[in-house]
Structures are given as structure tokens and as C-alpha cells.
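Coordinate-derived values only; no laboratory data. Computed from a prediction, not measured in an experiment: that's the story for all the values here. For neighbour counting, all protein chains shown are included, and Cβ atoms are generated from backbone atoms with ideal geometry for every residue, glycine included.
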């Protein structure tokens, strides 16, 4: 049986799931922010994986480069008169009532944005030919500016890309070592700002991602590596390096895939309805899966629109390492700044002294210092209490009040995120099963479920590494898109063209022939936003019917008498990834055997009411199918700690899952 390793790089820990038949072997190592491949190499060596093991990897390299504005020095070349599109944007106001709006600086500064003479009309006709002499002069100038990449974005190039390709060919003669991104390749769709932003993002992170993937492949050689994309599918490193903008949500996507596949197995449902809660060290990612993995073509990262296919995830800055502080008005705040992996929360004993959500949970007895990472990483409870107490003293709060306040504020942030992907989109959370994971998700799940009237929680067997497991469950996926023509008789030809592009990518992926899915972005005439629906190019009217249905679901109404426009054509190719067989527990506990067989003692915990009680302490590895218990309880395991309040009942399922139900 082929060995496989799923590797998910987080802000605090890098998680590993090693499959070699039987039960998965898991491991966590501290993330190395300066070079994530060092933690990957260390973990692979600790696992003792063979050289034939295939690796699926989720990385935050592209995300961090954008968030921290430390991408490559790159230039933007565009049609004369459009050099400031990136700076002007959409003129949105993130804070509606703020008198002074501050926008993040453009990824390409003004002195590196250049114009050349050319113009293509809205029908794809050439209005002004490309001035090749002018492009050559620009190449000479760029030689002196030491740029690592060039983004080329011409007006209406999605209709006539030849000008971009010709300009790139000329500039490469002057910049042979630079990387080039053309909007006709990255996002051949209308909307000038979004197309420019995506193309710039791609070239901005490309040198960094390419260097990282090169180091990664050397570190784990000769093992084959595939990279998780934002769309929830993996792809080879060559394609990933060529289109790094597709990796911006690489990390969180694996968790949603893993949660959805696990829920389908554990609940025995082909289309489970779940809410995912992935609480890691620096942030929390949430998603609503209404019987399918949610996807969107409209993401936002670092204040920039990224109109590329991705799993529909909402992220908030509330993780275990999120730093708690008092604002200028004396109010308690949590995040978005994080203690990260270095130095980490105060309880890590690595020099950090800022109070974090993890420190608050240690103070409340919900994290056991001597059982963190199975006892391999002992926490300093005194340092945690000192940091929390220092925060609360000037606020007039006791140690317990401060710790509870930190947890409640973090919960409020995550609750808003869950409401945003459910209630605000017309879905009732109580109709869904909450699936918490990440190192900190199981600590906060019950409180969040209570706040949202959710009465069922499904806890994975190894929640702290579910994202890494999800990477192994992911299919191989590649998407393309193209702006729709006015003439619908051309639909089939365009879909055939895009299908050929997808098949060409899969030809180099060493996998089965992909299943091709055709979709379309549609909208009512006059709208400025679209919905994506399945599309058979031979019967566009059926797609319009689906659009009406989806619009009514999402926005509460449909306008049957209004013209529905086809805006963008999409083709998605999917080849099934390797099948993952989850270990099933067939040894049911005897009638006379209770969960006390898994109880290893009691531990003091502080409930949300502020009252301290003795909670039963269980060893997750000893819990068997048929065991059941009530809260208050704490369940200890290597990769996470589970907190069960008094109002919840827990039963152990056949797939080593814990099924929570509200009492």
C-alpha cells in the first residue's frame, strides 16, 4: 500500500498525518516562520516515512507574503491611461462611518506602474496596435529597476490576448530572470480592477512561493509533492509555482475537505449539512457546507479582491495564540495580533509574556499543562496566570474574571463568523452539525453551539490534525475561466477550448482522466454580482432556471421576468485522489462497561458561570464505541484538548468520533 503524508503548516504548529495502512500516525512540530520547509523536513524525519511516500501539503507561504506585504519587488505594465487602476480600486469604504479611511498601500508602488500604447475595444477589435518600440524602451528602464517580476494587464486582453503575449516576449529579452504574469492567463475575465489585482498578486508572491516549493522538494526528495489550492483540490508543484495566487487559501481549504468527508462517513450521509470550525494558533476559519463543499470565485485577502476559485471560507483573527489586550478606552480585546510560534503564548515558556486565549484556557483549567501534546511539551501554568493577571489588574478584574473575559470575547468573534456564513445567507445553524477541529476548536465548540442553538456536534478522532488528513482526502482539481461571449451559439466552442486547457494540465499530473464539470457565472441584467451554477452549453435555459432557484435561496427572491445574463464560463476538472480508509472501531464496549474505564481522574475547571467544579478527566485513546458520559468533563489527547460543559452529553461513535448532544 502506498505511503502518504498530509502536512498542514499553521501559524503555531505544523501538523502531520502519516498513512501506511491501519491507524494514522500523527505528529506536531513547531512551525518555523523563517522557512516553513525546515519544520516539514523535521516532521517527515520524525515519522520515519519511506522515500516512496507521497506528500500532500497545505502552505501559508503565499498568504503570509500578502498579509505581511513582503512579496517580490514587481512592476505593472498596463494600457496607457490605466496605470492607477490598482490604486483607485472600487472606492469601497470598509468602515462606513469612519471620517478618515485608510487603505493598505498597493502591492506595486506608483514608481513601478508603467503604461504603454495599445488599445483593444470592447468587442476584441484592435483600436491601437501595440507600440513595440515603446515596450522595448520600457524593457531597458526595467533592467535598471531591479524587479523580480512583471504583471502585464491590458484593457480587454481577455478578448484579445496577443498584445500581452507580444509585450511579454519583448520584455523577457531584457529581463530573462524575471517572472511574468499575464492577465489573459491568470484571470481572463471582465472587471479591470479585479483582473489587475489577481495578476499582481500572482507575480507578487510567485518568486517567494517558487523558492519555497523548490526548498520543500529538496527537503523531502525524492518523494512526490502535491500542493493544496484554495479551491479544495491538490495540484503538482510545477502548476502551483506557475499560479501561486491559487494557493492563497491553501491552508484552510484542507480542513473543510477533511471535515466534510469525515462527516459523510461518520453520519452515514452522502451530503452532510455541517458547519466547520477550524480554530488554530493564529486564526479561526469557518465554513457552511449545505450538503456540498462550498465554493466561490469571490475572495478577499489583504484588502484585495481575489476572483479565483476557492472554498468559501470566512476567517477571523481569533486563535489560541491571539493576544488579549485593553484598548485605549479600557475595554478588553482579543486579536488579531498573535503570539505565533515564536515566542508563542506565555505558557510556552519561550520568552513570550503577552496573555493569549491559550493562556486563558490554561488558567481556567481547560488545558492541562502536563498533557499538552501528550506530555511532550509541558506548559508553564504559572506564566499563563501571571500574564492573565497582569492584563486584568489595571481593569479591576480578578484572575478568573479576566480569563473568562478573554474566552468570551474570542467566542463572540467566532460566533459572528459562524453567523456570517449561515444566518446572513439564509441558513439556520440549528439545522446543521457543528464540526470543530484545529488544536483549539474542541475547547470552544460547546459554547459556540449554545450561542447558535446548535444541538449536535461531531468531533473528529484527531481534531488537531484534521486539516492535514483533509489534504490526503482531497481530489486533484484544476479550474479555468473565460468571459462569456454575447453570442450564445459560441458557448460550446468556448467550453471545448477551456476543457482542452484543463486536460492539458492533467496530462502532466500522473492521474486518471478527470471528470469535467462546466459552470457559468450568471446574474440578472443590471446586477453587479453573480452566482455560479452548473451549465450544459447545449441548454443554457436550464442553467437560468437553476440560477433563479439559487438566487431565491441566497437572497430571498427571484425575478422570473428579468433577463438573466451569462457573464463567465468556468470549467473544472477533477480526478479522484487516493482513497483514505478511516479506522473503524468494531469492538463495542460491553453492557456492564461504562466510560469510567476511560476515566483517568478528575481535574478542576472553571465553567462559564465563573464557578469552579471538578470535571471528569478522560483519556481519548481509551474511549470505545458505546461509551457515553455527561459534562462537565475534559478529554485529553495528543493533538487537542476537549472541554465538555455541564449541559452536554457525549457518545462515542464507530469511527472513533465523539457525538455531542445538548441536554
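So, R0 is 51 Å and r is the distance between the beta-carbons of residue 663 and residue 166; what FRET efficiency does that work out to, to 0.05?
Numbers: r = 69 Å, r/R0 = 1.36.
E(calc), rounded to 0.05, equals 0.15.
State whether segment 373-454 is rounded, prolate or oblate according to the following rule on the C-alpha gyration tensor (a ≥ b ≥ c being the square roots of its eigenvalues): a/c under 1.5 gives rounded; otherwise a/b larger than b/c gives prolate, and the remaining case gives oblate. Present the calculation step by step, with values, prior to reporting the outcome.
On the way: a/c = 3.51, a/b = 1.66, b/c = 2.11.
Verdict is oblate for segment 373-454.
Starting with the fewest neighbours, write out 128, 61 ranked by other beta-carbon atoms found within 10 Å of each beta-carbon.
Values: 128 13, 61 24.
The most exposed by this proxy come first: 128, 61.
Is the shape of segment 451-589 best called rounded, prolate or oblate, per the rule: a/c under 1.5 gives rounded, else a/b larger than b/c gives prolate, else oblate, with a ≥ b ≥ c the square roots of the Cα gyration tensor eigenvalues?
Details: a/c = 3.18, a/b = 1.42, b/c = 2.24.
It comes out oblate by the Cα gyration axes.
Just to be sure I understand the model, the point goes 7 Å from the Cα along the line to the Cβ. What's the resulting residue 269 to residue 326 distance in nm?
According to this spin-label approximation, the distance is 4.6 nm.
For each of 230, 481, count neighbouring Cβ atoms within 10 Å of the residue's Cβ, then give the residues from fewest to most.
Details: 230 27, 481 23.
Lowest to highest Cβ neighbour count: 481, 230.
What is the distance in Å between the Cα centroid of segment 322-341 and that of segment 1-80?
28 Å
Please state the relative contact order of segment 70-206 as a whole percent: Cα pairs under 8 Å, 6+ residues apart?
Values: 235 pairs, mean separation 41.8, N = 137.
Contact order relative to length: 31 percent.
Find the relative contact order for the chain and round it to a whole percent, using C-alpha pairs within less than 8 Å whose residues are 6+ positions apart. Please report the intermediate quantities before stating the final value.
Numbers: 1535 pairs, mean separation 79.8, N = 663.
That works out to 12 percent.
Which angle between 0 and 90 degrees, to the nearest 10, do you get for helix 132-144 versus the longest principal axis of the chain when only C-alpha atoms count?
Compared with the principal axis, the helix lies near 40 degrees.
Using Cα atoms only, what is the angle between the long axis of helix 399-421 and the major principal axis of the chain, expressed in degrees (0 to 90) to the nearest 10?
40 degrees
Multiplying the sequence separation of residue 144 and residue 651 by 0.36 nm and subtracting their Cα-Cα distance, what value in nm do you get? Show your work: numbers first, answer last.
On the way: separation 507, 0.36 × 507 = 182.52 nm, distance 6.72 nm.
175.8 nm is the gain from fully extending residue 144 to residue 651.
In what order do 607, 46 fall by count of nearby beta-carbon atoms within 10 Å, going from fewest to most?
Values: 607 19, 46 13.
Ascending number of Cβ neighbours within 10 Å: 46, 607.
Please work out how much length the chain gains when fully extended from residue 557 to residue 488, using 0.36 nm per residue of separation minus the C-alpha to C-alpha distance, in nm with one decimal.
Numbers: separation 69, 0.36 × 69 = 24.84 nm, distance 2.62 nm.
So the extension gain works out to 22.2 nm.
Sticking with the crude label model, points 7 Å out along Cα→Cβ, report the distance from residue 95 to residue 515 in nm, one decimal please.
My value for the distance between the label points is 4.7 nm.
Looking at the square roots a ≥ b ≥ c of the eigenvalues of the Cα gyration tensor of the chain, which shape do they give, rounded for a/c under 1.5, prolate if a/b is larger than b/c, or oblate? Show your work: numbers first, answer last.
Working: a/c = 1.76, a/b = 1.60, b/c = 1.10.
Prolate, because a/c is 1.5 or more and a/b exceeds b/c.
Compute the length gained on full extension between residue 628 and residue 408: take 0.36 nm times their separation in residues and subtract their Cα-Cα distance, giving the result in nm to one decimal. Before the final figure, lay out the partial values.
Numbers: separation 220, 0.36 × 220 = 79.20 nm, distance 2.79 nm.
Stretched fully, the residue 628-residue 408 segment lengthens by 76.4 nm.
Roughly what angle does helix 441-451 make with the longest principal axis of the chain, taking Cα atoms, 0 to 90 degrees, to the nearest 10?
With both axes taken from Cα atoms, the answer is about 90 degrees.
Points 7 angstrom from Cα along the Cβ direction at residue 137 and residue 87: gap in nanometres?
2.2 nm
Taking N as the number of residues in segment 70-206, what value does Rg over Cα atoms divided by 2.2 N^0.38 Å take?
On the way: Rg = 15.0 Å, N = 137, 2.2 N^0.38 = 14.3 Å.
Taking the Cα Rg and dividing by 2.2 N^0.38 Å, one obtains 1.05.
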